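In what follows, a single structure is set out as structure tokens and then discussed.
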Amino acid sequence: MSKPSKVLIIGSGPIVIGQAAEFDYAGTQACKAMREEGVISVLVNSNPATIMTDEGIADIVYIEPLTVEMVGRIIERERPDGLLPTLGGQTGLNLAVDLADAGILDKYNVRSLGTPIQTIRNAEDRELFKQMLISIGEPVPDSATVNTLKQARKVAKKIGLPVVIRPAYTLGGTGGGIANNWKELERVVTIGLATSPIHQVLIEQSVVGWKEIEYEVMRDGADNCITVCNMENIDPMGVHTGDSIVVAPSQTMTNREHQMLRTASLKIIRALGVEGGCNIQFALDPNSNNYYVIEVNPRVSRSSALASKATGYPIARVAAKIAVGKRLDEIPNAVTKKTMAAFEPALDYLVVKIPRWPFDKFASGDRVIGTQMKATGEVMAIDRCFEAALQKAIRSLEFGKRSLLWEDRKWEMGTNINSYPLEPNDLRLWAIMAALRRGVTTEELAERTKIDLWFINKLQNIVGMEKQLLSQPLTPELLWQAKRLGFSDEQIGTLADRLPEQVRQLRHNWNIRPVYKMVDTCAAEFDAATPYFYSTYEEENEAESLQGDKAVVIGSGPIRIGQGIEFDYCSVHSAWALQESGFKSIMVNSNPETVSTDFDTSDRLYFEALDEESLRDILENESEETESWGNIPTPSIVQFGGQTAINLAEPLSRSGMPLLGSSAEVIDLAEDRRRFENFLNQLGIPQPPGAGVTSVDEALGIAKLIGYPVLVRPSYVLGGRAMEIVHDASELIRYMSLAIELDTKHPVLIDKYLEGKEVEVDAIGDGERVLIPGIMEHIERAGVHSGDSMAVYPGVNLTEPEIETIVNYAIRIGLELKIKGLMNIQFVIMPSSQGSLVYVLEVNPRASRTIPFISKVTGVPMVNVATKVMLGKSLKEQGYDTGLWKRQNLVGIKAPVFSMSKLLGVDTYLGPEMKSTGEVMGIDYTFDAALAKALLAAGLMLLPQGAILFSVADRNKPEALPIIRKFSSVGYKLYATEGTAAMIEAVGLPVKMISKKLSEGHPNVVDIINDGTVNGVVNTVTGGRIPLRDGFQIRRAAAEKRIPCFTSLDTARAVAEALANGSQIYSAQPLPDYRRKGPT
Amino acid sequence: MTKRAILVLEDGSVYEGYAFGAEANAHGEVVFNTSMMGYQEMLTDPSYAGQIVVPTYPLIGNYGINEQDFESNKIQVRGFVVREECYQPNHYLSTKTLHQYLAESGIPGISGVDTRAITRRLRSSGVMMGTITSDKTPQEALEQLKELPRYGETDFVKQVTTDAPYQWEPELHGETSESLCKIVVLDCGLKYSILRIMHGLGCTMQVVPATMSADEILSLKPDGILLSPGPGNPELLDYIVDTVKKLIGKKPIMGICMGNQLIARAFGAKTFKLKFGHRGANHPVRDLSDGRIHITAQNHGYATDPDSLNGGLEVTHINLNDGTVEGLRHKELPIFSIQYHSEASPGPLDNTYLFEKFLEMVREESKWIKVKQ
């Protein structure tokens, strides 16, 4: 086949559970590969917080909704001759199939590169897939696909329970599960059928408890095949691989078993005809050589990103080159620069991946894990023994002080194995450790959990070392052995009764320091050129301190709710800006999904936990001993790695390590509530009244003084016990009692809740000037976390005086704080008799999650400019001045995206605590068009015609009425719960009342959601948390049925307007054209 | 478990670790293998005779030792150097630990050493002699190393070849498939997997000592002759080269690894020592006839000089990494050979098709349609 000249690459859209930053990494690599091969790349993605959507990565960038209609228009306009569907996750594959079905690929003569469309269908359609495997003699578990519950029962009877249920065409196993009994079968099949876009599920013989092994395979057009690596899930079959702790390479298989599965993998990729990368999952009986093929992903995946980082073999990049016709033996190995991509990496270390679950945010969520993925992100750690890699990975999770020593006080400790939560859940690892400490045997635990005894033995080794540290004097030998097993200074300190700093000092006295070894794909067989390192306690250090000007960029760790891919975007841009300025950039991060941990992003990459110990070790390794100047430390940049990096400012400063940009003192001033209050008072800038309190009485007094509603939040971080809006004294007493019970030392902060218009700005300060590239106005009023709000650039509803005040405040705060680099300020605007009053809610002296968005809509490369400011190049020298940057002739709207369908038990209502996992952007020339695109891309757009359910709290009823009228006027059929229906009837609109009392007959609200009668829900909460049961059921039903549920009337109003304004007319243009050309 | 031991290399570098396996000293040529699995196969591969092996993968012994994966009847390495030896293996087939196996075989191991540092040294300085000891000082070990014979000057084939001819019987299942042909294997240090695979293809496998003469071999009436892999310097094996010369043209011949070098030498070519050899399970080889790449298992320290080839031999395969000769064939005669291991073990099974190719050649040549029984 001839090489294509122009290729369309489909991105994966917003970050959701099951589809995270790994596809930004894959897409970015693919774009780079296209450029190297001289192929023009056209990229479409709806997610602005990605490196791949940067101008300069792809040749032509579209940030548009990933719909058939939109991508069809882009194809019509760009006329690519090739389509790369395999880099945008399940979203990309599904869209490619839809484009083929719609005849668009044929019409414009676009061929699918890498993986034929038929192969996608073969791999995704369970029945076709099974037939294919049987035809090549590969074993598959007994199974059948069904389209109804009745069929499902019949099949399950034949196979025998337990069975696994897997919906077709869903990502991250959404809607799947294991059924051990008939009731579970009914529940899981019903959800599965609803989730599958083709209403099809597979009922499969269960191999729960078998080893789960994955292979990453590559194949080129000449039929050359290699395996990049294999991976073993520590959690055996039954837990989604995305939710499993995974080790690479496999640890418990013999060579014979490995070769058996490797040979099967090659056979399968050949049978599928994939040209590129493919992930194949097997179940292997731990007591025989029987195995089954479980799943095939004919595309790059989360696992392939992990495999790339685990081995140094860039799967996506090689896959992209294969797709445009290169053979494996024609592609250089970018790591060794001496060998070719046609080889299999040899590791001389192992990696451990641990998922990052959102249960710290969602305390009420169902913590049991199974075949449906729940993790939002993951961490990886590399070391030369399992114990150390595991412990470093746990440090990388950033659960505060939760090392392996952590135990839940709720567990009934003892030698009874039944008292520990050993079913798959996010705390199982800690439960196993607690059980081992109390004498439960390794064999018992292996039998119960089906985790291979080998892994349990390793955990027992860790327990053994804990006991030595507790009971023996800390000698150099013991300390060395503890460090070799991955114990942190803090853990050693806890066990050996010393402060972490004392342990560090002892280490230095005894010259026990980590060395850094290279990830080189070849186990040191060749002299490799990669700058990719990990720490270990061994003899030889391979990472000599880099010479010349340099700085460390501290990354943002695992993707979690509240700290997403935006910060990886910022970290990468900072590294690039350093390089542009003649500095060597050194990246530190622990997240294998990201662009920042691509070894060619920076001059050097340390794949390490982002905590004080590991950063100080790295900085010491990078410090230079000079004759004339003594020891020169390397500076760090903490502004771009989210809260993770900013939290390191203080400890690094304290240990004498310099920071670039705003000082640790500035950061403390902005974060310390009392100091910040004084600071704003001195400037005469208003903020909502409030105080910190430590008792219920004190709280009631303050609340009375400032008036309800109030916003309350603990000044400490504690899982799930979060910010709330409190409307009256009884709610406040409840909240305070709980908060005080949990922690009496730290105050609870109470602020007047101002339900006004929320506005935010991102700004760059250099000490003399403050540049504000743009102002964003939120669609939802204050009270909804800014990360969960829709934000509009430019502030279309702001008055000139409001804008002036905002800019004035931002400049004064920036100058007075001596901000060097980025800051984000959030404002709330309240109407008052003298016009409107602008209050400052908070100031964050770091990059915020809106940086990629605002950079893309304004064209100001904020991270680049800020990094250069930190290096001493003033805004003026960079061609910028103080004040608001010129307003672009466009509207950009950022909309949040949630993963609620995957998190059972989590309430979906919007509040002050962030819940979204990702974001999309709608950009166009008018507000209506941009809004329609943002809603479309976020999956919140309603059909032009349909039915909608209203269930609104009393205090919101007056405000809801105009919205209800609007829905009615566009022809929407109205359904409403008792009180809301009465109000609607009272104003004479047609409405069907439906009961929200689930126990009192059918149909009720949940029924009409489940049976598809309504295709949207508007539901506001009454406040508090206890009386939410009905509302909770409504919201969960909507989440699981995957229909939009609006809990803020502001969002609902926007949607109603988008429907009313017939906003199907929108542009399809490359991103820069919106800024350059203006409306056509 | 906590007895100290050291590995001393002849360039004077010393690596401290812990003794495991047998309490003994060992010396030999120190080489590294990059395969991540298959330590049992490595230990029992006769091509490691005279060598101390360093697996680059740090965790060794995880699945113990089983009865299925022996490649010969004993441990062949002189010593084993690992980052971590697993003393609590887990596998349903495991019958003993790595430590027990080494201990009962009288072979010492050393664990806890920085195997990557050792590998980097061998890569940059080339393989060299070394000693594992738990009772000598580095200085003593170094002195002794200078006294010992050099690896390249010892004929290890004589040490590992079978004493008497034998016929391969399937060890485990015992089923006797009908024999389609008879292959004589000249045992220079063969691996059982060769016998397992070819037996599985329906061959009667007759193994003979490396010292057997050509006439004796031909008197066994083989349909084909397989020259096995084996340890050491091919230049010391003139007696086998003479045998091979006499076999040329008589029967179809396949050579593996040492067998490849023996065929080359039989046609007058020269061999040379590689700086640090090829040992691993990931070596890409290009088939020059169709350009295809094959991932191969390798274990050799010597290579054939392509410029010295003559007598109708041509290069069919080259190593993608360093361009060295990986396969030869005769332009007219039914002779071909590979420098890598089509029997894998440890390593990928991608090249077992070569055994079938050999059988094709045998079939073509002898036009046999005979069926035993």
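Please treat every number below as a calculation from the coordinates, not as lab data. Computed from a prediction, not measured in an experiment: that's the story for all the values here. Backbone-built Cβ (ideal geometry, glycine too); neighbour counts: all protein chains shown.
At a glance:
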item	result
Residues listed by number, segment A:179-195, amide nitrogen under 18 Å from A:Asp101 label point at 7 Å toward C-beta	A:192-195
Shielding by partners - mean other protein chain Cβ count within 10 Å, residues of A:517-526	6
Estimated FRET transfer efficiency (B:Gln144, B:Lys96; beta-carbon r; R0 41 Å; 0.05)	0.85
Label-point separation in nm, B:Asp290 to A:Glu330, each point 7 Å along Cα→Cβ	1.8 nm
Eligible aspartates and glutamates near A:Lys107 by straight Cα distance, threshold 18 Å, same-chain separation 8 or greater	A:Glu69, A:Glu76, A:Glu78, A:Asp81, A:Asp98
Gaussian network model of chain B, Cα within-10 Å springs - most flexible of B:Glu23, B:Glu140, B:Glu41	B:Glu140
Point-to-point label distance, A:Arg111-A:Asp366, nm (Cα→Cβ direction, 7 Å offset)	4.7 nm
Average beta carbon contacts from partner chains per residue of B:47-59, 10 Å cutoff	3
Dipole of the protein assembly as shown, positive direction: furthest Cα of A:Val217, A:Asn94, B:Leu359, with charges on the beta-carbon	A:Asn94
Out-of-range pairs (alpha-carbon distance over 29 Å; input A:Lys584/A:Lys1077; A:Lys353/A:Lys467; B:Lys221/B:Lys245)	A:Lys584/A:Lys1077
Cα gyration tensor, segment A:931-981 - rounded (a/c under 1.5), prolate or oblate	prolate
FRET efficiency for A:Glu539 and A:Glu698, using Cβ-Cβ distance with R0 set to 41 Å, rounded to 0.05	0.10
Extension gain, A:Arg77 back to A:Ile632 (0.36 nm per residue minus Cα-Cα distance, nm)	194.3 nm
Lysine pairs with alpha-carbon atoms under 24 Å apart, segment A:910-1026, spacing 8 or more or separate chains	13
Qualifying lysines (Cα of each under 20 Å from Cα of B:Lys74; at least 8 residues distant if same chain)	B:Lys96, B:Lys158, B:Lys191
Residues B:Val241, A:Val300, sorted so that the one with the fewest Cβ neighbours within 10 Å comes first	B:Val241, A:Val300
Distant alpha-carbon pairs in segment A:881-979 (separation over 19 angstrom), percent	63 percent
Sequence-separation-based contact order of chain B, relative, with Cα cut under 8 Å and 6+ spacing, percent	15 percent
Principal axis dimensions, largest first and in whole angstrom, of the protein assembly as shown by Cα	114, 72, 65
Two-decimal ratio, segment A:7-129, of alpha-carbon radius of gyration to 2.2 N^0.38 Å	0.98
Förster radius 35 Å - calculated FRET efficiency between A:Ala529 and A:Ser874, Cβ distance, rounded to 0.05	0.45
Average beta carbon contacts from partner chains per residue of B:90-97, 10 Å cutoff	4
Share of alpha-carbon pairs per 5 Å distance bin for segment A:20-83, given as whole %	4, 19, 29, 26, 18, 5, 0
Members of A:Lys338/B:Lys270; A:Lys211/A:Lys450; B:Lys250/B:Lys331 lying beyond 19 Å, as alpha-carbon distances in this model show	A:Lys338/B:Lys270
Segment A:125-269: translational diffusion in µm²/s, Stokes-Einstein, Kirkwood Rh over Cα pairs, 20 °C, 1.002 mPa s	131 µm²/s
